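The values are calculated or read from the model by the stated rules, or taken from the named source; none is laboratory data. All values reported here derive from a predicted model rather than from experimental measurement. Don't worry about glycine lacking a Cβ; one is built from the backbone with ideal geometry, like all the others, and counts go over all protein chains shown.
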Amino acid sequence: MAEGALKERTAKGLFWGGLSNGLLQVISLVFAVIIGRILDPSDFGVVGVLTIFSAVATTIQDSGFSGALLNRRKIDPNDYNSVFWFNVLLSGFIYLILFFSAPAIARFFHNPELVRLSRFTFLGFVIGSFGTAQNAYLMKQMRIKEKSIASIVSVAVAGFVAVILALKGFSYWGIAIQNVLTITVNTIGLWIASPWRPTFRISFKPVAEMFGFSVKILITNTVSIINYHFFSVIFGHFYTERDVGLYNQANKWNSAGYSMINGMVHNVSQTVFVEASDDPARQLRVFRKMMRFAAFVSFPLMFGLALIAPEFITIFLTGKWLESGQLLRILAIGGAVYPITTVMVLLIISHGGSGVQMWNNIAMGLVQLGVCALLFRYGVTWMVVAYTVVNCLWLIIWLACVNRYLRYPLGAFLRDLAPYALLSAAVMVATYFLTRPIADIRLLCISRIVIAVVLYAGAMRLSGSVLYKESLDFLFSRFKKGGNHADD
């Protein structure tokens, strides 16, 4: 594909990925605020302790084949068909294991109600297995718009139902139903958006061909999921469901922030890197542009979230969640590096380096577990601080991995990221001191958002940032064209 065409497809993918993720976060925010004001942290904690089981089961069910499909330069319908049936059959088998394991899970977390709740919640990953191949098809075709619409509709429908259930007194059952319904509606949307359909001419030969690549992604993703959710298990077993709820709420908002950027870069990066793989110089240019874009958006957004975290949580979820706001402030600083890590990981995967990614994730997970174990006696906050510090410092290890495939020295890495990180930090520090005299919590939060946005945009404009100008030009051109290009 010509570089101009690739650049246009990438821009469109980033646009629709950013727009959809922005709308998703807004819609999720509205429903999360309403439900959070109705329910208590302990209600969220009851469902939160089960999240790790559903997440690991989903990862095993996918088995890394979505990534393997995206990494294939040439693909035919039988590849999708093979992955579809493998995912569906495996998810059914995993569900049976978890179904009969429910009593043991309930005993571990000292809550008999988890038997019924877990058996219902685990239905989500079974339902989701029916949309894995469709999702991979849409991503491979870079049909981000259709995929985005399915996600937005699913979150809106499930959120509306969850609010009604919360008002009716369903407590944590309402949250569980919301999770399963989100997956169900999204899966239906993917089927509507994707023209591909499975057939009963089943051959698992493509799965066998992709297994060597996909199994490394499977192990990597499983380790990442365990690493991401292990606090819920620790807090659920050794502390209280309230502690789980407070942490999960903070982690949820942190994830919502960086996922907006992550979704933008993830939807297009791997496909673009694979298409540019024949020309290393061209791939390096694309890679560095994606790194700068991730930094340009991620640092101001996540540092800004850290700046307003306690006020934000208190305003929208009331004072009962204040401790969650303090945890969010810590997590958001670490969340700024996630989209950057994602770009680096996808570059590695595009070169077939799933093994490198796997061992690196395992090493990082072990270090994080070890550091948190040493700090266990000092409480929740210190463990979260240690977890965040390791995430940030591990960027250097990822950089070393990238250099196995592209020449990307530390100096270039710092030139691409440091200006955005330092400028964002300076803007947030200046905003903090400018707004300290403001006593009203709502006015304080609004003032900090407005001042930070103005300062960052002004600094970008004064510095003559090419990326800032290109981003604005593209956004204005898309909105100006509006409905005239509905198929874009």
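Laid out as a table, the results:
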quantity: Residues being among the charged types (D, E, K, R), crowded, with 18+ Cβ neighbours inside 10 Å and either farther than 18 Å from F235 by Cα or in contact with a Cys (Cβ under 8 Å, 6 or more places away or on another chain) (or both) - total across segment 312-330; calculated: 1
quantity: Some residue of segment 453-468 being at pLDDT below 90 and either within 24 Å of M364 (Cβ to Cβ) or among the aromatic types (F, W, Y) (or both); calculated: yes
quantity: Some residue of segment 371-378 being more than 30 Å from V450 (Cβ to Cβ) and β-branched (V, I, T); calculated: yes
quantity: Whichever residue in segment 355-370 is surrounded by fewer than 19 Cβ atoms within 10 Å (Cβ to Cβ) and modelled with pLDDT of 85 or more and, among such residues, is farthest from the chain's Cα centre (by Cα); calculated: G370
quantity: All positions within segment 232-259 that are among the β-branched types (V, I, T) and crowded, with 22+ Cβ neighbours inside 10 Å; calculated: V244
quantity: Residue list for segment 419-450, filter: touching a Ser or Thr at 6+ places or on another chain (Cβ under 7 Å), part of a helix (DSSP H, G or I) and over 13 Å from L301 (Cα atoms); calculated: T435, I441, L444, S447
quantity: Pairs, first of a type in the set (G, A, S) in segment 437-451, second part of a loop (DSSP other than H, G, I, E, B) and surrounded by 12 or more Cβ atoms within 10 Å (Cβ to Cβ), C-beta under 9 Å, six or more apart; calculated: S447/I438
quantity: Some residue of segment 291-298 being of a type in the set (D, E, K, R) and either touching a Pro at 6+ places or on another chain (Cβ under 7 Å) or surrounded by fewer than 20 Cβ atoms within 10 Å (Cβ to Cβ) (or both); calculated: no
quantity: Answer from W191, W196 - the residue that is under 25 Å from N78 (Cβ atoms), aromatic (F, W, Y), touching a helix residue (DSSP H, G or I) at 6+ places or on another chain (Cβ under 7 Å) and not in a loop (DSSP other than H, G, I, E, B); calculated: W191
quantity: Residue list for segment 383-395, restricted to those being surrounded by fewer than 19 Cβ atoms within 10 Å (Cβ to Cβ) and in contact with a Phe, Trp or Tyr (Cβ under 9 Å, 6 or more places away or on another chain); calculated: L395
quantity: Test: D79 is in contact with a Pro (Cβ under 8 Å, 6 or more places away or on another chain), modelled with pLDDT under 85 and assigned by TED's automatic domain parsing to the domain that holds V223; calculated: yes
quantity: Boolean, A166 is within 20 Å of the chain's Cα centre (by Cα) and either under 28 Å from E241 (Cα atoms) or basic (K, R) (or both); calculated: no
quantity: A459 vs. criteria free of Cβ contacts under 8 Å to residues at least 60 places away in the same chain, surrounded by fewer than 18 Cβ atoms within 10 Å (Cβ to Cβ), part of a helix (DSSP H, G or I) and not acidic (D, E); calculated: yes
quantity: Out of S447, S424, S350, sole residue that is small (G, A, S), buried (at least 18 other Cβ atoms within 10 Å of the Cβ) and over 22 Å from N251 (Cβ atoms); calculated: S350
quantity: Hits in segment 134-180 - residues which are assigned to a loop (DSSP other than H, G, I, E, B) and either touching a helix residue (DSSP H, G or I) at 6+ places or on another chain (Cβ under 8 Å) or farther than 22 Å from W191 by Cα (or both); calculated: M142, R143, K168, G169, F170, S171
quantity: Count - residues of segment 407-450 that are among the aliphatic types (A, V, I, L, M) and under 30 Å from F287 (Cβ atoms); calculated: 12
quantity: Segment 264-294, residues that are modelled with pLDDT under 80, under 24 Å from L423 (Cβ atoms) and under 14 Å from the mean Cα position of the chain (by Cα); calculated: M264, V265
quantity: Selection from segment 372-413 of residues that are over 19 Å from Q326 (Cβ atoms) and within 24 Å of the chain's Cα centre (by Cα); calculated: V390, L393, W394, L395, I396, I397, W398, L399, A400, C401, V402, F413
quantity: Matching residues, segment 387-406, being farther than 12 Å from G335 by Cα, at pLDDT below 90 and in contact with a helix residue (DSSP H, G or I) (Cβ under 6 Å, 6 or more places away or on another chain); calculated: L406
quantity: Any chance L90 is of a type in the set (A, V, I, L, M, F, W, C), at pLDDT 90 or above and either assigned to a helix (DSSP H, G or I) or in contact with a Gly (Cβ under 7 Å, 6 or more places away or on another chain) (or both); calculated: no
